[in-house]
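Written out below as structure tokens is the structure these notes cover.
The values are calculated or read from the model by the stated rules, or taken from the named source; none is laboratory data. The shown structure was predicted, so the numbers you read here are calculated from the model rather than taken from an experiment. Don't worry about glycine lacking a Cβ; one is built from the backbone with ideal geometry, like all the others, and counts go over all protein chains shown. Surface accessibility is based on the protein's heavy atoms, side chains included, excluding ligands, DNA and RNA. Shrake-Rupley method; radii C 1.70, N 1.55, O 1.52, S 1.80 Å.
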Amino acid sequence: MSKNYIPEIQGLRTLAALLVAVYHIWFNSVSGGVDIFFVVSAYFIAHTLNKYETLSWKQISSYYSKTLRRLLPTALTVFCFTCIIILIATPFVSYKMEIKNAFSTFFFIENWYLASSGSNYLRQSESKSLFQQFWSLSVQVQLYICIPILYLFAKKLEITFNLKNVVTTVLIAVFTCSFTYSFYFTSLFPEWVYFDTFARTWEFTAGLLLYHLGEKLRLSRRSATLLNLLAVVAIISFGLYWGQNYALPGLVALIPVLSACVIIITSKSLYFSILKWRGLTSLGDYSFAFYLWHWPIYLLLFQYTDMNVNSHLLGLSVILSSAILAYVSTKYIEAPLRRNSAFINSDKKTYGFSAGSMIAPGLLIVCIFSVFSFYEKPSLKALSSFYKNRDISLIPNNALFPHGTVIKQDMRESYFNNCEQNMQNNSVVECEYGNKESDITIALVGGSHAAQWLSPLKEIALEQGFKIHLMIKSACSLVSSTDRDYKPTQSCLIWNKNLQKRLIELNPNIVITTVTRNGPKGERIPDGYLESWQHIKDNLPNTNIVGIRDNPWFKFDPPLCLEVNGPKECSISRTTFYNDEKVMPILGKHINVLLDFSKQFCPDDRCSTVLENGLIKFKDKHHLTKSYALLLKPILKEGMQM
């Protein structure tokens with residue numbers, strides 16, 4: 001295959017960037033655009049590295065220098081803009097999250113931070129970060145560093161031992177290992193694997209192999225044109241179904257990856273291709289900048305502002321403003337630096353300038369952290385004081401409490417001291433609270449919605465003299481099987497089997513757990529709940545089941561909504577969540593004692609997220625704040641008849 005300029009690649013880059021933005025804005029889905037970027041980027045890497053018969057460290061250094069000139073100017077421009085936006089327009093509730101994401105982005109490890117956040121159940125309900133789009137650049141930078149070194153040693157092996165096709169063989173081995181890893185673990189740990197560099201390496205390697213092996217493929221013009229058209233259709237439509245319903249980057253990621261490969265392979269044998277349209281090819285050079293710009297602008301308009309503007313008009317404004325900023329930053333910042341003769345002729349000058357250019361974004365991170373610390377310290381002190389005296393009259397007028405900088409920390413202690421099992425493991429983690437010498441034993445079991453009642457229950461236990469055994473697993477209820485609407489993970493089901501054994505050993509006087517949960521049409525009782533209750537009755541006839549009716553689930557993040565929109569806009573109708581006629585008769589038959597806080601959560605048929613005095617009820621979309629749970633202690637105590 002000729003390695004000359006291929007206009008379809010430019011058109012493909014533009015299409016991929018546009019699809020990423022369109023699917024984010026209008027479909028809330030992944031588009032496969034990032035997967036395409038990986039293939040195209042790798043193809044260009046192979047093109048650059050194969051210019052040389054042999055590779056040396058000097059040539060590798062030259063490649064790194066060229067890559068820095070191409071990526072860093074735009075990336076740092078968008079990074080600094082995002083930091084300034086955080087200081088000017090972002091609510092305090094997002095500061096701590098943004099500091100962590102900014103730090104991770106600064107060191108090009110954003111993908112690993114997001115992987116760890118995605119596997120942390122409570123972080124999943126946080127608002128999205130303004131830096132989140134940098135995860136793919138982090139993956140690229142990590143591979144930009146590793147791939148030239150891989151080529152260097154592979155080519156040295158070819159020369160040293162007079163071997164052929166060592167580079168291709170090594171690439172095939174890397175592709176096979178990475179694809180197998182991605183295929184196997186995507187279904188098990190999708191939140192982690194999506195951002196995992198090694199799980200994405202096969203997509204890069206596909207682009208590298210395409211360069212080395214694509215020359216051997218020959219197609220007629222008719223076949224090439226048809227395949228090219230089908231590949232474009234597959235790319236455009238990918239996010240409508242596959243991107244929404246399947247975890248990436250597993251087997252389904254082959255669709256955008258192979259489509260990109262087909263477009264490149266067929267590019268020299270076409271009658272026509274829509275990707276050759278000048279409107280697409282001329283914008284290819286701005287696709288990288290457009291991708292970086294669209295995300296903070298999108299979140300700024302859709303997540304952090306309260307504008308009464310048609311969402312389609314807002315979406316179009318995101319596209320237009322991102323395109324303008326991409327053009328300006330590419331033409332007036334990236335291009336002059338990338339083409340600067342002093343940098344082109346001196347790797348040292350490029351490295352020195354790159355290091356110096358990191359100072360400004362580093363200082364901006366320090367500024368954000370300083371502002372956060374200024375508000376966090378007194379807010380933590382006020383929160384700690386509230387836990388002790390619970391005097392809601394001390395909350396300042398027209399103020400939200402807890403303060404946005406600490407609202408995400410307003411939760412039970414078991415989350416912070418390793419007393420809850422994570423989403424991946426299935427062994428039972430157990431902690432004891434209350435009077436540990438007592439013969440009266442209560443087992444508080446299930447998921448985080450059960451655990452959020454630990455704080456008031458622990459105080460009741462100390463007052464009444466009983467012992468609490470806490471056995472909690474993130475994103476996992478007390479359940480024995482799956483049904484159509486609730487499909488717990490295999491890890492959750494295994495954990496429940498282990499929990500059943502432990503409960504039989506413990507033989508508690510009372511088992512406390514949540515007995516309803518959110519479903520497609522609001523509150524419901526999964527079949528697996530009924531099975532787990534029956535198991536307790538059959539094996540522990542002297543154990544009473546105390547069921548806690550679940551709290552409302554919101555489609556928005558209450559603390560963020562309250563800071564941006566105010567209390568009036570941050571509530572839902574009671575009937576949006578609660579289904580009294582469906583669940584109450586079932587609960588009456590199967591549960592010994594029902595604790596129903598729906599009247600507290602939803603007074604006057606509205607499920608509010610804040611009390612009149614400003615105390616926030618929910619720390620995220622469906623978890624109570626510890627502060628509010630403590631205020632409900634008297635009702636909890638009375639309901640348990642203690």
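Data for the structure
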item	result
Cross-link pairs Lys473/Lys501; Lys155/Lys216; Lys100/Lys621; Lys589/Lys621; Lys497/Lys626 - those with Cα-Cα distance over 23 Å	Lys589/Lys621; Lys497/Lys626
Principal-axis tilt of helix 580-590 within the chain, Cα atoms, nearest 10 degrees	60
Equivalent ellipsoid semi-axes, the range 92-206, via Cα gyration tensor eigenvalues times 5, rooted, Å	34, 16, 7
3J(HN,Hα) from dihedral phi, the range 441-455, Karplus parametrisation 6.51/-1.76/1.60, rounded to Hz, x for glycine, proline	10, 10, 9, 9, 10, x, x, 5, 6, 7, 5, 5, 8, 4, 4
Percent antiparallel among DSSP beta bridges (both partners in the chain, rounded to 5)	40
Disulfide-incompatible cysteines by the Cβ rule (no partner under 4.7 Å) in the chain	Cys80, Cys83, Cys146, Cys177, Cys261, Cys367
Sorted largest first, extent of the range 222-324 alpha carbons per principal axis (Å)	51, 33, 22
FRET efficiency, 1/(1 + (r/R0)^6) with R0 25 Å, evaluated for Met584 and Glu531 via beta carbons	0.80
Pair Ser370, Asn398: separation of 7 Å Cα→Cβ label points (nm)	2.9
Computed helical MRE - 222 nm, the chain, DSSP H runs ≥ 4 contributing -39500 (n - 2.57), nearest 500	-18000 deg cm²/dmol
C-alpha center-to-center spacing [the range 303-348, the range 587-631] in angstrom	45
Where labels lie 7 Å past Cα in the beta-carbon direction, separation of Leu163 and Thr176 in nm	1.4
Whether the range 571-641 is rounded, prolate or oblate, judged on the alpha carbon gyration tensor where a/c under 1.5 counts as rounded	oblate
Whichever lysines have a C-alpha closer than 19 Å to that of Lys156, once near sequence neighbours (fewer than 8 apart) are set aside	Lys51, Lys58, Lys164
Lys331 paired with Glu413, simple spin-label distance in nm, labels 7 Å along Cα-to-beta-carbon	6.2
Hypothetical label at Lys497: residues of the range 422-436 whose amide nitrogen lies under 14 Å (7 Å Cα-Cβ projection)	426-428
Span from the the range 426-453 Cα centroid across to the the range 20-47 one, whole angstrom	46
Sites Lys568 and Glu638 - FRET efficiency at Förster radius 22 Å, r taken between beta-carbons, to 0.05	0.10
Alpha carbon centroid spacing (whole Å) that separates the range 159-207 from the range 462-524	39
Per residue solvent-accessible surface (Å²) - the range 1-143, probe of 1.4 Å	33
The chain, relative contact order in percent, only Cα pairs under 8 angstrom and at least six apart counted	16
Once exposed loop trypsin sites (Lys or Arg not before Pro) are cut out (DSSP; at most 15 other Cβ, 10 Å), longest piece of the chain	219-338
Full-stretch length increase - Leu230, Leu380 - with 0.36 nm per residue and alpha-carbon distance subtracted	48.3 nm
Excluding exposed DSSP-loop GluC sites (Glu not before Pro) (at most 12 other C-beta within 10 Å), longest clean stretch of the chain	54-436
Fraction of antiparallel bridges per DSSP, the range 343-493 only, in percent to nearest 5	35
Asp604 accessible area, 1.4 Å probe, all protein chains in place, Å² to nearest 10	140
Equivalent ellipsoid semi-axes - Cα gyration tensor, the range 12-67, angstrom	33, 10, 7
Other-chain or far-sequence residues with amide H under 5 Å of Ile512's (modelled H)	Ala443, Leu444, Val445, Val546
Degrees between helix 287-302 axis and first principal axis of the chain (Cα, 0 to 90, nearest 10)	20
Rg/Rh ratio calculated on Cα atoms of the range 259-398 (Kirkwood radius)	1.17
The chain: angle of helix 527-539 to the longest principal axis, Cα-based, in degrees nearest 10	50
Chain lengthening between Val429 and Leu320 when straightened (0.36 nm per residue, less Cα-Cα)	34.1 nm
Amide H partners (placed H, <5 Å) of Lys617, local residues excluded	Val610, Leu611
Two-site FRET efficiency, Arg222 against Met358, from Cβ-Cβ distance with R₀ of 56 Å, rounded to 0.05	0.60
